[in-house]
1. Considering every residue within the range 392-407, establish whether at least one is of a type in the set (K, R), in contact (Cβ under 8 Å) with a residue 60 or more places away in the chain, touching a helix residue (DSSP H, G or I) at 6+ places or on another chain (Cβ under 8 Å) and part of a helix (DSSP H, G or I).
2. For the range 83-184, list the helices (runs of 4 or more DSSP H) that sit wholly inside it and hold at least 1 residues that are of a type outside the set (S, T, Y) and under 19 Å from I60 (Cα atoms); which are they?
3. For L43, all conditions in the list (1) touching a residue at least 60 places away in the same chain (Cβ under 8 Å); (2) assigned to a loop (DSSP other than H, G, I, E, B); (3) of a type outside the set (F, W, Y); (4) closer than 28 Å to M201 by Cα hold save one; what is the number of the exception?
4. So which residues in the range 233-245 are assigned to a strand (DSSP E or B) and either in contact (Cβ under 8 Å) with a residue 24 or more places away in the chain or of a type in the set (D, E, K, R) (or both), if there are any at all?
5. Considering every residue within the range 341-352, establish whether at least one is within 27 Å of V227 (Cβ to Cβ) and more than 26 Å from the chain's Cα centre (by Cα).
6. Would you point out which residue out of H281, H249 is touching a Lys or Arg at 6+ places or on another chain (Cβ under 9 Å) and over 23 Å from D37 (Cβ atoms)?
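The values are calculated or read from the model by the stated rules, or taken from the named source; none is laboratory data. Just so it is clear, the model here is predicted, and its values are computed rather than measured. Don't worry about glycine lacking a Cβ; one is built from the backbone with ideal geometry, like all the others, and counts go over all protein chains shown.
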Amino acid sequence: MVRQLPLAFLPRSDQPDASPAARDRHAEGTALLVAVDNGNDALKGALLHAQLPQLTVRRISTAYAPAEVMRVGEEIPTWQVDASEPFWIGNEALQVATTVESLPIGMSPERLLDRRWQHFFFACLAELLQAAGYGRPGQNWQGEYRLSVSLGLPNEELSRNSVHPTVLQALRPLLETPRLVQRTDEQGQTNTWRLRLVDVMPYPQTFGSFVAWYYSPTGEALPTEVVRHVTVDIGGGQLHRCTVTIDPHPDGRPRLRMQATLLDEGTIALARAVREHLRSHYPGIRLSDTEAQQVLVSGTLLRGGRRVDVTSLVSDVIQARAQRLLTHLRHLLQEEQTFVMCTGGGTILLERSLRTLLGQRRAQESMLIVPRELAAVLNAAGGYLLAQAAAQQRIQQRLSAATASRDEEDH
């Protein structure tokens, strides 16, 4: 598998007003391949480990909070991007911060242009690099990294040959400027990265799960008799359906045709219902969307300085409100011509109901509920396989061009 791609292999920008990042693509050096599924409830990242032949995958809750001063006790990891305010992210923010701010939920133009989200995004990239062994233990300076990012976006923001113009506009600030990212750990030691995005390759989020199901890590299609595959992606912000028709071809390379539909809100609808239900029991509790999502997942609530088990209250809401989500699935199960795969973080929450529903209506060989350890990160893993395929294609194109050039010189 390819970890890094020469900058010269990336798509060329010949526009006179190209951004510095676009012009820099053709300098000497390489770009590290990274995949990011930009989910509403969490950012999921995938990256080949620096030394080991394995994929490093991280899920970081979409939680952002301005850092507070610790007067006594151990610090928690604190981030700063360029001249931003110090901030906390992920589970640390949820566990310690007095106030957790909700980052935008919904479509990419609103989310990507939010300055807090941009800082959260680059902090997550640095954390992914560190987890995958790209670093210098014991040193402050961790290095400069050029990144080629395979970025999972809502399905409806992409068509067969293009990305929606408003999404491209929102992506531009991510490519324009190198970012200085600093992380101060629990002992007060600071690590610093310089990150530059030199290429962004958007892909439909839900298609990533199909890719992870259908292809091997080396890019080969796995043997299957399935010719119509439906992925039901129960995400934090949206519930999506992705239908892929597999057309076997004599040359051994199947033709794929993908259609995707936004069916409804995702688990955020359940989280907001949980928030209102808890307020009726505990009027003094006011949760942000991010905090409500965390309560939905963990079944615990901070009250009176203690973690209180609210599993029964959460279960009541799930049982009452999940029917709307399951109704969409019932309609899909009536289409007996398809193979149905359920994935996404919502699959973990609704696993029992899904198994009951699918068991009543489907033969075992015509369905799959993605295991909970993979369900929340499968889109990102598939996105990395797409990045690998694009990299291999670009390498092959360069090799073919070089061979053709030598042949012309010989003649």
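1. yes
2. 90-96, 108-112, 115-131
3. Here L43 clears every test but (2).
4. D233, I234, Q238, L239, H240, R241, C242, T243, V244
5. No, the range 341-352 contains no residue that is within 27 Å of V227 (Cβ to Cβ) and more than 26 Å from the chain's Cα centre (by Cα).
6. Just one listed residue meets the conditions, H249.
Okay, residues lined up against (1) surrounded by fewer than 24 Cβ atoms within 10 Å (Cβ to Cβ); (2) at pLDDT 85 or above; (3) in contact with a strand residue (DSSP E or B) (Cβ under 7 Å, 6 or more places away or on another chain):
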position	(1), (2), (3)
Q15	yes, no, no
A18	yes, no, no
A27	yes, no, no
G45	no, yes, yes
Q51	yes, yes, no
L55	yes, yes, yes
R59	yes, yes, yes
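The rows are residues; the columns are (1) surrounded by 21 or more Cβ atoms within 10 Å (Cβ to Cβ); (2) at positive phi; (3) touching a strand residue (DSSP E or B) at 6+ places or on another chain (Cβ under 9 Å).
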position	(1), (2), (3)
Y282	no, no, yes
L287	yes, no, yes
G299	no, yes, yes
R303	no, no, no
D309	no, no, yes
S312	no, no, no
A320	no, no, no
L325	yes, no, yes
